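Student: Take this structure first; my questions come after.
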């Protein structure tokens with residue numbers, strides 16, 4: 001996703017002088033190096049200083065530019081949170097805050113580098129849109145949308161590098177819309193972000209048990225496609241939300257609220273990261289497993 | 001004293017009078033922190049900011065010490081950018097002006113109120129102007145308590161890197177903050193102007209109530225770098241019982257105090273040379 005973001009930003013930035021990248025000592029390699037070389041004035045590194053990264057982006061947006069602020073998600077969202085709230089959201093400015101390594105992607109770096117709570121925190125901000133692509137293809141579509149929109153601030157939550165493309169052939173990406181990746185009749189799995197890979201493995205395991213499985217991605221977590229979620233809730237006897245984010249304010253809670261409001265009768269489970277710091281280091285899959293996000297554990301809770 | 005300076009000082013007496021008048025409608029309006037910045041805000045709007053042929057302001061002003069915005073409101077009212085009714089409706093549900101600047105209101109170019117935000121925004125605006133080939137100077141007013149925010153120093157570190165010679169920032173150094181004197185809170189923090197110079201700014205230290213000195217310093221700057229005016233001021237300046245008294249950071253005078261303040265301003269006005 002990181003490389004796709006860099007390529008896409010480079011492509012868009014070549015044709016639009018309003019696009020500026022502000023980074024805080026963390027930059028995607030590859031295409032961004034080319035962008036920096038070609039447009040040195042539209043690439044700013046503030047160093048290890050995230051508040052001024054957001055302040056600069058806000059000031060530039062007040063003057064008609066469309067800045068992207070980019071660093072590791074904990075530092076792009078948590079560290080300058082009040083600057084994002086006041087400078088970007090309160091003034092409703094078209095700045096894209098890019099968070100790399102959402103969730104527990106940086107699985108060996110410890111909780112200082114885990115953006116577990118990012119979805120709930122970003123969704124809690126008035127005017128903020130929250131986009132969390134699940135693969136490079138969604139990343140490209142989302143980045144192009146962010147580069148062209150003038151509505152207001154966006155939190156673009158990415159994983160890191162090397163994710164496979166999992167949505168090829170699906171219906172087109174559209175801001176604020178869920179996407180159906182697979183249509184079944186028994187159980188619907190709702191997800192977003194890089195954890196889709198695990199969800200597709202889960203879907204295969206459920207199908208091996210003889211169940212017909214739908215998979216829906218929610219690339220735009222805010223504003224939420226309520227109609228799309230309600231359709232899933234009312235079209236299946238069982239629904240599960242699986243997300244790589246701490247539960248408070250994240251998608252699972254929102255889907256449960258929609259289920260209540262729409263009087264859904266399906267069985268509904270939600271699987272998220274724990275509301276806890278785990279002192280565990282290992283692969284991304286191992287971290288997810290420690291948080292309860294692994295195929296066997298989810299299968300056991302879903303029943304058959 | 002030149003006629004221009006006398007006219008400016010008379011305007012500032014009028015602004016203080018108007019702020020006191022507005023204060024009688026509300027329980028609190030941050031009068032004292034506005035009084036310390038008034039000569040500078042007047043100098044920025046009346047002597048420093050340039051105008052296009054049609055009279056619209058070409059340069060920009062950000063009140064980073066947002067609690068002092070009543071100083072900006074009365075100046076904007078005098079320029080016809082805000083209306084009399086806007087001030088009459090100050091801090092009421094039917095009006096549009098609050099105790100802190102709200103982006104979108106006439107003449108207000110950024111929402112501030114939380115300290116430490118305005119300078120970073122001003123840096124972004126000045127850089128965008130440069131990038132887009134626009135000849136515009138961005139002025140920014142900070143408080144001395146505000147200088148304790150780490151974000152201010154991130155901006156001070158960044159501005160020279162970006163070559164922001166089109167940025168002019170002020171510190172309204174009235175030596176007060178919420179819980180006392182700024183010099184008592186951080187006694188080892190001073191002086192400030194030299195620190196900015198070390199970071200790559202051009203800086204000057206002067207009397208912030210000396211209108212002519214403020215104008216001369218900004219107009220006479222060498223240029224090529226961002227410029228910082230560290231302005232020694234008196235909180236509550238112009239009304240004896242409000243000067244250097246922390247309580248006047250926030251509260252409005254009662255009827256008797258209001259009458260006394262108006263008397264003092266009338267006396268001061270009489271002493272201004274023609």
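Here, each number is a calculation from the coordinates, and none is a lab measurement. All of these numbers come straight from a predicted model, not from anything done at the bench. Neighbour counts are summed over all protein chains in view; Cβ atoms, including those assigned to glycine, are modelled from backbone coordinates with ideal geometry.
Student: Treating each Cα of the protein assembly as shown as an identical point scatterer and ignoring solvent, apply the Debye formula and state log10 I(q)/I(0) at q = 0.11 Å⁻¹.
Tutor: -0.97
Student: Also, quick follow-up: Using Cβ counts within 10 Å as a stand-in for footprinting exposure, how do A:37, A:17 rank, fewest first? Mind showing how you got there, number by number?
Tutor: Working: A:37 9, A:17 14.
So the ranking, lowest neighbour count to highest, is A:37, A:17.
Student: Inside 10 Å of the C-beta atoms of A:44-54, what's the mean count of C-beta atoms belonging to other chains? Please list the in-between numbers first.
Tutor: Details: counts 5, 2, 8, 4, 1, 8, 2, 10, 14, 4, 5.
Counting other chains' Cβ atoms within 10 Å and averaging over A:44-54 gives 6.
Student: Let me ask something else about it. With just the Cα atoms defining each centre, how far is the stretch B:1-62 from the stretch B:228-267? Give it in Å.
Tutor: Their Cα centres are 15 Å away from one another.
Student: Within 10 Å of each Cβ of A:59-70, how many other protein chain Cβ atoms are there on average? Spell out each step's value before the answer.
Tutor: Numbers: counts 18, 10, 4, 10, 14, 4, 6, 0, 2, 0, 0, 0.
Average neighbour count from other chains, rounded to a whole number: 6.
Student: A further question follows. Using only the Cα atoms of chain A, what semi-axes does the equivalent ellipsoid have when each is the square root of 5 times a gyration tensor eigenvalue? Give whole Å, largest first. Before the final figure, lay out each step's value.
Tutor: Values: eigenvalues 214, 75, 64 Å².
The answer is 33, 19, 18 Å, longest axis first.
Student: Return the whole-Å distance between the Cα centroid of the stretch A:37-108 and the Cα centroid of the stretch B:159-209.
Tutor: 26 Å
Student: Could you state the angle between the C-alpha long axis of helix B:3-23 and the longest principal axis of the C-alpha atoms of chain B, as a value from 0 to 90 degrees rounded to the nearest 10?
Tutor: The angle comes out at about 60 degrees.
Student: Evaluate E = 1/(1 + (r/R0)^6) for residue B:190 and residue A:227, where r is the Cβ-Cβ distance and R0 equals 41 Å; express this FRET efficiency to the nearest 0.05. List each step's numbers first, then the result.
Tutor: Details: r = 60 Å, r/R0 = 1.46.
With R0 = 41 Å, the Cβ-Cβ based efficiency is 0.10.
Student: Something else: Looking only at A:135, A:225, A:275, which one moves most when chain A is put into a Gaussian network model with springs between Cα atoms under 10 Å?
Tutor: A:275
Student: Okay, moving on. Can you sort B:119, B:267 so the residue with the fewest Cβ neighbours within 10 Å comes first? Provide the component values of the computation, followed by the final result.
Tutor: Numbers: B:119 33, B:267 10.
Arranged by neighbour count, lowest to highest, B:119, B:267 become B:267, B:119.
Student: By how many degrees, 0 to 90 and rounded to 10, does the Cα axis of helix A:2-15 deviate from the longest principal axis of chain A?
Tutor: Once rounded, one gets 50 degrees.
Student: Also, quick follow-up: Please work out how much length the chain gains when fully extended from residue A:212 to residue A:29, using 0.36 nm per residue of separation minus the C-alpha to C-alpha distance, in nm with one decimal.
Tutor: Details: separation 183, 0.36 × 183 = 65.88 nm, distance 4.17 nm.
Taking residue A:212 through residue A:29 to full extension adds about 61.7 nm, to one decimal.
Student: With n ≥ 4 as the cut-off for DSSP H runs, can you work out [θ] at 222 nm for the protein assembly as shown, using -39500 (n - 2.57) per run divided by the number of residues, rounded to the nearest 500?
Tutor: Working: 21 runs with 212 residues, N = 578.
Mean residue ellipticity at 222 nm (helix-derived): -11000 deg cm²/dmol.
Student: How much of the pair distance distribution for the stretch A:144-270 lies past 26 Å, counting alpha-carbon pairs only, in percent? Before the final figure, lay out the partial values.
Tutor: On the way: 1549 of 8001 pairs.
Of all Cα-Cα pairs in the stretch A:144-270, 19 percent lie more than 26 Å apart.
Student: I've got another one for you. Just the ratio, please: alpha-carbon radius of gyration of the stretch A:200-278 over 2.2 N^0.38 Å, N its number of residues. Intermediate values should be presented prior to the final figure.
Tutor: Numbers: Rg = 13.0 Å, N = 79, 2.2 N^0.38 = 11.6 Å.
Ratio of Cα Rg to 2.2 N^0.38 Å: 1.13.
Student: Please list the three semi-axes, largest first and in whole Å, of the ellipsoid equivalent to the stretch A:258-304, using sqrt of 5 times the eigenvalues of its alpha carbon gyration tensor.
Tutor: On the way: eigenvalues 151, 39, 9 Å².
Calculated on Cα positions only, the semi-axes equal 27, 14, 7 Å.
Student: Report P(r) for the stretch B:1-119: all Cα-Cα distances, bin width 10 Å, range 0 to the bin holding the largest distance, values in whole percent.
Tutor: 14, 47, 33, 6, 0
Student: If one takes the longest principal axis of the Cα atoms in chain A, at what angle in degrees, from 0 to 90 and to the nearest 10, does the Cα axis of helix A:251-261 lie?
Tutor: So the inclination is approximately 60 degrees.
Student: What's the exposure ranking of B:211, B:153, B:248, going from fewest to most Cβ atoms within 10 Å? Please report the intermediate quantities before stating the final value.
Tutor: Details: B:211 25, B:153 19, B:248 22.
Placing the least packed residue first, the sequence is B:153, B:248, B:211.
Student: Connecting C-alpha atoms closer than 10 Å in a GNM of chain A, tell me which of A:291, A:114, A:279 has the biggest fluctuation.
Tutor: A:279
Student: Over what distance in Å are the Cα centres of the stretch A:238-259 and the stretch B:96-138 separated?
Tutor: 38 Å
Student: Once you average over the residues of B:144-156, how many Cβ atoms of partner chains fall within 10 Å of each Cβ?
Tutor: Taking the mean over all residues of the peptide, I get 3.
Student: Just to be sure I understand: with springs between alpha-carbon atoms less than 10 Å apart, which residue in A:214, A:265, A:27 has the highest mean-square fluctuation in the Gaussian network model of chain A?
Tutor: Of the options given, A:265 has the highest mean-square fluctuation.
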